[in-house]
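The values are calculated or read from the model by the stated rules, or taken from the named source; none is laboratory data. It should be emphasised that the depicted structure is a prediction, and the values quoted were computed from it without experimental measurement. Heads up, the Cβs are rebuilt from the backbone with ideal geometry, glycines too, and the neighbour counts pull from every protein chain shown. Each accessible area value is taken on the protein alone, full model and side chains, heavy atoms only, with ligands, DNA and RNA left out. Shrake-Rupley method; radii C 1.70, N 1.55, O 1.52, S 1.80 Å.
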Amino acid sequence: MNSTMIKPDIKDINLAEQGKNNIEWAMKDMPVLMKIKERFIKEQPFKGLKLSACVHVTKETAALCTVMKAGGADAVLIASNPLSTQDDVAAALVKYWEIPVLGYAGESVETYRQHVKDAIDFNPDIVIDDGCDIVATIHAERPELASKIIGSTEETTTGIIRLQALEAQKELKFPAVGVNTSLTKHLYDNRYGTGQSAMDGIMRAANILIAGKTVVISGYGWCGRGCALRAKALGANVIVCEVEPLKALEAAMEGYRVMPIAEAAKVGDIFLTVTGDIHVVDLEHIYSMKDGAFLCNAGHFDHEVNVPDLKKEAVEIKRIRPFLDEYKLKNGKSVYVLAEGRLVNLVAAEGHPASVMDMSFANQALGMEFIVKNKGKLEHKLYTLPESVDKEIARLKLESMGIEIDTLTEEQQKYLNSWNI
């Protein structure tokens with residue numbers, strides 16, 4: 001079976017023209033990925049290979065998929081989140097790039113899971129994952145397919161955590177590249193992309209002023225750092241909640257208040273989770289919050305805020321705006337949940353800007369090329385791309401920005417490589 005035999009499952013093909021405009025607009029701000037595309041067209045590194053991609057269907061990920069197809073891949077795309085799909089982009093990929101897309105905004109969890117199965121039934125040679133859903137499902141339900149798969153790339157921290165668990169248990173059945181561990185991914189995408197897009201999502205969903213509010217950020221990884229940085233820049237008083245001593249210490253030395261979530265719950269106005277864990281904001285915390293507190297999440301899965309238990313406990317749930325729901329509690333207070341607890345930056349906004357995803361998706365494309373070029377040579381492990389790849393991506397990005405840097409003189413190079421000074 002090739003991709004032409006797969007029937008797309010999208011919202012409306014008539015949205016394709018607008019989607020094409022958006023994809024082409026994103027491509028203009030992704031010069032590194034476009035340079036890689038030029039080379040892929042000539043070299044065809046994925047010729048004859050079937051690709052199943054499970055990523056957020058946005059104009060930026062669409063650009064990545066077109067690059068993979070330009071490199072010879074027979075590609076199928078499914079949405080990695082039931083609410084983040086940009087329906088016009090999905091339509092454009094189907095109509096103008098002939099890439100079948102299975103995903104539309106608002107699809108049910110059951111439909112999403114069926115799309116994961118459809119992507120697996122495509123019998124791919126290579127997999128691009130965002131959250132490890134395709135890879136985890138293959139390992140749990142279709143292990144007989146693993147021997148055909150050359151390898152996978154993973155975009156997110158959450159997905160890497162799942163891959164690390166598979167590797168630690170010696171259950172990983174093919175090599176994988178953790179794109180998020182590349183410096184040109186997590187130092188930029190996670191920090192500047194998530195920081196900006198999360199604040200954008202909060203403001204679009206609720207139309208509230210950030211200045212003067214107390215923003216509580218759970219998790220001080222690179223995403224949390226970025227969210228704290230942007231919230232502070234907008235005038236917020238920032239509190240950080242952490243479980244790792246080193247990260248908590250860093251947050252304190254950056255000037256943020258650091259405390260347990262049980263204490264922060266009493267004083268926060270806006271709560272944003274970016275941990276990759278479950279029930280970071282739980283029912284007991286919600287009950288101690290101020291009347292009118294806002295709850296949102298920028299971690300991959302919608303487990304971080306315990307919305308299911310909140311739904312059971314609420315005496316009334318009211319839709320205020322498209323991505324803003326009021327939950328009235330038994331104690332007479334109300335809290336507001338943004339984007340149903342899913343990724344607020346992708347559900348209520350448009351995700352990261354193209355210019356920062358340029359580096360992330362350059363890593364995705366080169367990560368997949370690394371796996372294919374080394375077919376049969378890699379262990380069933382989680383890999384990080386070589387430092388030389390990171391540096392080349394950074395060099396190309398600087399070049400596209402019109403920025404020049406110094407180079408070492410022969411004397412300086414000799415000095416740095418000498419022990420006898």
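Give the residue, chosen from VAL94, VAL76, VAL89, VAL101, that is modelled with pLDDT of 95 or more, under 28 Å from GLN18 (Cβ atoms), among the aliphatic types (A, V, I, L, M) and more than 21 Å from the chain's Cα centre (by Cα).
On the way: VAL76 fails: more than 21 Å from the chain's Cα centre (by Cα); VAL89 fails: more than 21 Å from the chain's Cα centre (by Cα); VAL101 fails: more than 21 Å from the chain's Cα centre (by Cα).
Only one candidate passes the filter, namely VAL94.
Evaluate region 249-272: report whether one residue or more is in contact (Cβ under 8 Å) with a residue 40 or more places away in the chain and acidic (Asp, Glu). So that I can check it myself, show each step before the final result.
Taking region 249-272 first, the residues in contact (Cβ under 8 Å) with a residue 40 or more places away in the chain are 261, 264-265, 267-272.
Restricting the remaining residues to those that are acidic (Asp, Glu) gives 269.
Yes, because at least one residue in region 249-272 is in contact (Cβ under 8 Å) with a residue 40 or more places away in the chain and acidic (Asp, Glu).
With the requirement that a residue be of a type in the set (A, V, I, L, M), in a loop (DSSP other than H, G, I, E, B) and either exposed (fewer than 15 other Cβ atoms within 10 Å of the Cβ) or in contact with a Ser or Thr (Cβ under 6 Å, 6 or more places away or on another chain) (or both), what does region 366-421 give you? Give the steps one after another, and end with the answer.
Initially, region 366-421 is screened for residues of a type in the set (A, V, I, L, M), giving 366, 368, 371-372, 378, 382, 385, 389, 393-394, 396, 398, 401, 403, 405, 408, 416, 421.
After this cut, where a residue has to be in a loop (DSSP other than H, G, I, E, B) as well, the list is 378, 385, 401, 403, 405, 408, 421.
Passing the criteria: LEU385, MET401, ILE403, ILE405, LEU408, ILE421.
Restricting attention to region 8-35, and to residues there that are within 16 Å of TRP97 (Cβ to Cβ) and of a type in the set (D, E, K, R), which single residue is most open to solvent (accessible area, probe 1.4 Å)? Before the answer, list the steps.
Applying the first criterion (within 16 Å of TRP97 (Cβ to Cβ)) to region 8-35 yields 8, 10, 13, 15-27, 30, 33-34.
Filter again for of a type in the set (D, E, K, R), leaving 17, 20, 24.
On the way: GLU17: 97, LYS20: 50, GLU24: 70 Å².
It comes out as GLU17.
Which of (1) open to solvent by less than 60 Å² (accessible area, probe 1.4 Å); (2) in contact (Cβ under 8 Å) with a residue 40 or more places away in the chain is the odd one out, the single condition ASN190 does not satisfy?
Status for ASN190: all satisfied but (2).
VAL67 is checked against (1) over 17 Å from the mean Cα position of the chain (by Cα); (2) surrounded by fewer than 21 Cβ atoms within 10 Å (Cβ to Cβ); (3) not polar (S, T, N, Q) and fails just one. What number does that condition carry?
The one condition VAL67 does not meet is (2).
Please verify whether region 210-225 includes one or more residues that are hydrophobic (A, V, I, L, M, F, W, C) and surrounded by fewer than 17 Cβ atoms within 10 Å (Cβ to Cβ).
First, the residues of region 210-225 that are hydrophobic (A, V, I, L, M, F, W, C): 210-211, 215-217, 222-223.
Imposing the further condition that a residue be surrounded by fewer than 17 Cβ atoms within 10 Å (Cβ to Cβ) reduces the set to 211.
Within region 210-225, one or more residues are hydrophobic (A, V, I, L, M, F, W, C) and surrounded by fewer than 17 Cβ atoms within 10 Å (Cβ to Cβ).
Please find, within region 133-174, the residue that is nearest to ASN81 (Cα to Cα) out of those that are open to solvent by 30 Å² or more (accessible area, probe 1.4 Å) and within 15 Å of the chain's Cα centre (by Cα).
THR157
Looking at VAL280 and the list (1) touching a residue at least 60 places away in the same chain (Cβ under 8 Å); (2) within 14 Å of ALA206 (Cβ to Cβ); (3) open to solvent by less than 80 Å² (accessible area, probe 1.4 Å), which single condition is not satisfied?
Here VAL280 meets the rest and fails (2).
Residues VAL76, VAL94, VAL109: which one is surrounded by 24 or more Cβ atoms within 10 Å (Cβ to Cβ) and of a type in the set (A, V, I, L, M)? Lay out the reasoning, then the answer.
Numbers: VAL94 fails: surrounded by 24 or more Cβ atoms within 10 Å (Cβ to Cβ); VAL109 fails: surrounded by 24 or more Cβ atoms within 10 Å (Cβ to Cβ).
Just one listed residue meets the conditions, VAL76.
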